[in-house]
Amino acid sequence: MLGKKLVTAQKRGETRALCLGLGMVACSMMMYFFIGITIVPFYTKSVWTTESVCQVLKANIKDKALCPNSEGSEDGDTFPYPCLQVWVNLTASGQEVMLYQTEDTLERNPKCSYVPGKSENSKEVKARIEIIASNFKKYQTFPCYYDPGGTQTNVILSRLYPPKGLLFAFLWPTLMFTGGCLIIVLVKISQYFSVLSARQ
């Protein structure tokens, strides 16, 4: 009687462990799919892949530009902000090019090097842009990214999704997938030895 209870409890434990393993594998596959449709396209689309050194030539705050609060918003949903334009000398080519914060900055407003976030206070935005401009004048040499193919003649300060960031994004689903597979394998090995001992 006690032996049957132990076998039943063992089977229940194996079933739960197997469900846990399968659940971890399923969740990791969903995470892979989500990363594949969100982060990977932005990474592959970016042409600013080579790092170089940029030297600031001029950093000026021009007339105010309009910044949309959200993508596809109407004109009434925009707010003005100072347009910072930073021109640098790209060491790799020796050309004078315009610097942008990220790839997204160029898409949102190609006239400005920095575009503030959504729904920010205008006074805070103005103060932040003035600080950024003064920092560029203070620290005139820094690493930047350019397009080695020459499709884009401008440079960016930082990539939205660098290779290390992409690897880090794939790290957690990979660990979850590996852990789920390991649990499934251990359950199958346990079941195999249980059957083997029952035959003996």
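Key figures
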| read-out | value |
| --- | --- |
| Test: residue in segment 130-144 that is of a type outside the set (D, E) and in contact with a helix residue (DSSP H, G or I) (Cβ under 9 Å, 6 or more places away or on another chain) | yes |
| Close pairs (7 angstrom Cβ cut-off, 6 or more residues apart or separate chains): open to solvent by less than 80 Å² (accessible area, probe 1.4 Å) in segment 156-175, small (G, A, S) and in a helix (DSSP H, G or I) anywhere | P173/S28 |
| Of residues in segment 107-145 being in contact (Cβ under 8 Å) with a residue 24 or more places away in the chain and of a type in the set (D, E, K, R), the one most open to solvent (accessible area, probe 1.4 Å) | K111 |
| Residue satisfying all of: in segment 176-188; of a type in the set (A, V, I, L, M) and open to solvent by less than 80 Å² (accessible area, probe 1.4 Å); nearest to C27 (Cα to Cα) among these | M176 |
| Set S70, S28: member being at pLDDT 90 or above, farther than 30 Å from Q140 by Cα and among the hydroxyl-bearing types (S, T, Y) | S28 |
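The values are calculated or read from the model by the stated rules, or taken from the named source; none is laboratory data. Bear in mind that the values here come from a model prediction, so they are computed numbers and not experimental data. Neighbour counts are summed over all protein chains in view; Cβ atoms, including those assigned to glycine, are modelled from backbone coordinates with ideal geometry. Ligands, DNA and RNA are stripped out before the accessible areas are found, and what is left, the full protein with its side chains, is counted by its heavy atoms. Shrake-Rupley method; radii C 1.70, N 1.55, O 1.52, S 1.80 Å.
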